Structures are given as C-alpha cells and as structure tokens.
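This report refers to the structure that appears directly beneath it.
The values are calculated or read from the model by the stated rules, or taken from the named source; none is laboratory data. Remember, predicted model here, so these are calculated numbers, not experimental data. Ideal geometry is used to build each Cβ from the backbone, glycine not excepted, and the neighbour counts take in all protein chains shown. Each accessible area value is taken on the protein alone, full model and side chains, heavy atoms only, with ligands, DNA and RNA left out. Shrake-Rupley method; radii C 1.70, N 1.55, O 1.52, S 1.80 Å.
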Amino acid sequence: MTEELFREDAALLECTATIVAMDEAGIVLDRTVFYPLGGGQAGDAGELRTEAGALVVIADTRKHPVRPGDIAHVPQPGAYLGAFAVGMRVTARIDAPRRQAHMRFHTATHLLCALVPHPVDGCSITAGYARLDFHMSEPLDKEALTQGIARLVAEAHPVRHNWISEAELDANPGLVRSMSVQPPRGLGRVRVLEIEGVDLQPCGGTHVANTSEVGAVIVTKIEKKSAMTRRVVLGFAEPAAG
Ligand SMILES: [Zn+2]
C-alpha cells in the first residue's frame, strides 16, 4: 500500500522512496508525492531519479489496476527502465507547474460549487482547463460566475482538510447537511475539504492553501449538455505556463 504523502501536504514537490514493484502498470513506490488520477483530478507527471543519477520521466499516475492501495507511476512511452529495479531508492519529483495548475483549478471548482447550489454530475480537472457538470435546468451566467470566483479569490479564504470518522459524521447530521456533496460511506473515515466560510465537502484531491492562490480563473464556456445538465468550463486568464 503506497503511503500517500500528497493527502496531508499538497505542497510537497518531492520525496525519497523505495521501489516495491515494477510491472506493465508502472513503477510502484512505498511512498509518493504523485497524485493518481481520481475524483476528476488528472494524475501527476514528473520524474524518478536513482541515487546513481538514472532518470525516468513519468507521464501519468494511476491507482494500480490490480494492486489495491498501490499507486502506479506510468513511465513515458518507450522509456528505458534498465537502471531501475525493485528495492532501489529513488527521488520522486512532480512536475510543479502542472500540479499547481491542478490545485488552482481544483480549488476553483469548490468555489463554483459554492456559487451554483446544485448537485454535481461530473468533474474533470487538467492543467489546461477544468469542467464541472451541474444537475440543473436553469441557465447560468458566465460573467456573474467569473465575478463570483474573483470575489472569493480576492477574499482570501483559508483552505484546509480534516479527517472525520463515520461515527463523528453520524453524531453531526448538520455537518453532513451542510456539505455540498454527500460523503462516501464504508471507508471508516472521510477526508473533508473546507474552504472557510465558503464550501465544505468530502474530497481527496489536492488544493491550494488559500483561495488567493487560485489567481485569475475565469469561466470560458457554459454548455447545455442535456435538459438537466449545465457544464461550466474554467480557464486561466493568463497565458498557460510552459
Ligand atoms: Zn477538492
């Protein structure tokens, strides 16, 4: 089971780790800073480097398909892995600008949830855009949402996570009612993401530490995907980094 360092500290860019498995899914480490695709958020890219200096570029990160709890670091297609073996120590380093984009967009999707009080049907967060599908039939106003996000960014709300046991959830029905998304059950504990005074919901993804770090995120498009689905697409106002 890979230790998920990104769950406690999304600002960590690198860690040392030991290779515990290598197979067609990728390279598995005993601990990692790489976030695997999930909850709508894209997997991290980056690199693994051995103590001798051999390097492999990691193109993506996935939950391992057949090893429950393990995370697979997916090498770039055609990568040479001859210098890597189970038991080796490596330094794992993520692509920081790509992750920063994921964290800014991901946090912005929580701000959208606060602005659009309807259930979410789907979510996709990449380094270039984010989109959120709301289950609703009413029209949405692009400018009003962009301004709403800008206001919440300017207000600089702290962002933090907490782990809550199911017993605590059961004892606080008001807490569950206040969440914009209902918590999953049966896992023993739930990771809850709070944007102080703005949004509270179960979420396992990576976020910036304050809404001010979201920066200039704008609504680029609103689409009517179906009679009961409105899709909101977010982009950065500034040109994409590298
Ligand atoms: Zn989140």
Inset, instruction - Could you list all residues from region 60-74 that are out of contact with any His (no Cβ under 9 Å at 6 or more places or on another chain) and either open to solvent by less than 50 Å² (accessible area, probe 1.4 Å) or hydrophobic (A, V, I, L, M, F, W, C) (or both)? - result: HIS64, VAL66, GLY69, HIS73, VAL74
Legend entry - Complete set of residues in region 102-131 that are open to solvent by less than 10 Å² (accessible area, probe 1.4 Å) and away from the ligand (no atom under 14 Å from the Cβ): VAL116
Inset, instruction - Consider ARG177 carefully, then state whether it is in a strand (DSSP E or B) and basic (Lys, Arg). - result: no
Inset, instruction - Among what's in region 154-174 and is free of Cβ contacts under 8 Å to residues at least 24 places away in the same chain and closer than 27 Å to HIS135 by Cα, pick the residue that is most open to solvent (accessible area, probe 1.4 Å). - result: ASP170
Inset, instruction - Could you list, in sequence order, all residues of region 22-36 that are of a type in the set (Phe, Trp, Tyr) and closer than 9 Å to HIS73 by Cα? - result: PHE34
Inset, instruction - Check off (1) within 13 Å of the ligand (Cβ to nearest atom); (2) over 21 Å from ASP9 (Cβ atoms); (3) out of contact with any helix residue (DSSP H, G or I) (no Cβ under 9 Å at 6 or more places or on another chain) for ARG177 and give me the number that stays unchecked. - result: (1)
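Table: residues versus (1) of a type in the set (Gly, Ala, Ser); (2) over 22 Å from TRP163 (Cα atoms); (3) out of contact with any Phe, Trp or Tyr (no Cβ under 6 Å at 6 or more places or on another chain).
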site: MET1; (1), (2), (3): no, no, yes
site: THR18; (1), (2), (3): no, yes, yes
site: GLU24; (1), (2), (3): no, yes, yes
site: VAL28; (1), (2), (3): no, yes, yes
site: THR32; (1), (2), (3): no, no, yes
site: PRO36; (1), (2), (3): no, no, yes
site: GLY40; (1), (2), (3): yes, no, yes
site: GLY46; (1), (2), (3): yes, yes, yes
Legend entry - Options ARG177, ARG230; residue that is basic (Lys, Arg) and in contact with a Ser or Thr (Cβ under 9 Å, 6 or more places away or on another chain): ARG230
Legend entry - strands (runs of 3 or more DSSP E) lying entirely in region 55-167 (those with 2 or more residues that are under 15 Å from VAL232 (Cα atoms)): 120-125, 130-135
Inset, instruction - Being under 17 Å from ASP121 (Cβ atoms) and not in a strand (DSSP E or B) is the filter here, so list the residues in region 206-234 that pass it. - result: ALA227, MET228
Legend entry - ARG191 vs. criteria among the charged types (D, E, K, R) and open to solvent by less than 40 Å² (accessible area, probe 1.4 Å): yes
Legend entry - Test: GLU194 is free of Cβ contacts under 8 Å to residues at least 60 places away in the same chain, away from the ligand (no atom under 14 Å from the Cβ) and of a type in the set (Asp, Glu): no
Inset, instruction - With the checklist (1) surrounded by 16 or more Cβ atoms within 10 Å (Cβ to Cβ); (2) closer than 24 Å to ASN210 by Cβ in hand, flag the one item GLY26 doesn't pass. - result: (2)
Legend entry - Near pairs, Cβ below 7 angstrom, 6+ apart or cross-chain, from region 199-212 (within 8 Å of the ligand (Cβ to nearest atom)) to any residue that is open to solvent by 20 Å² or more (accessible area, probe 1.4 Å) and polar (S, T, N, Q): GLN201/SER180
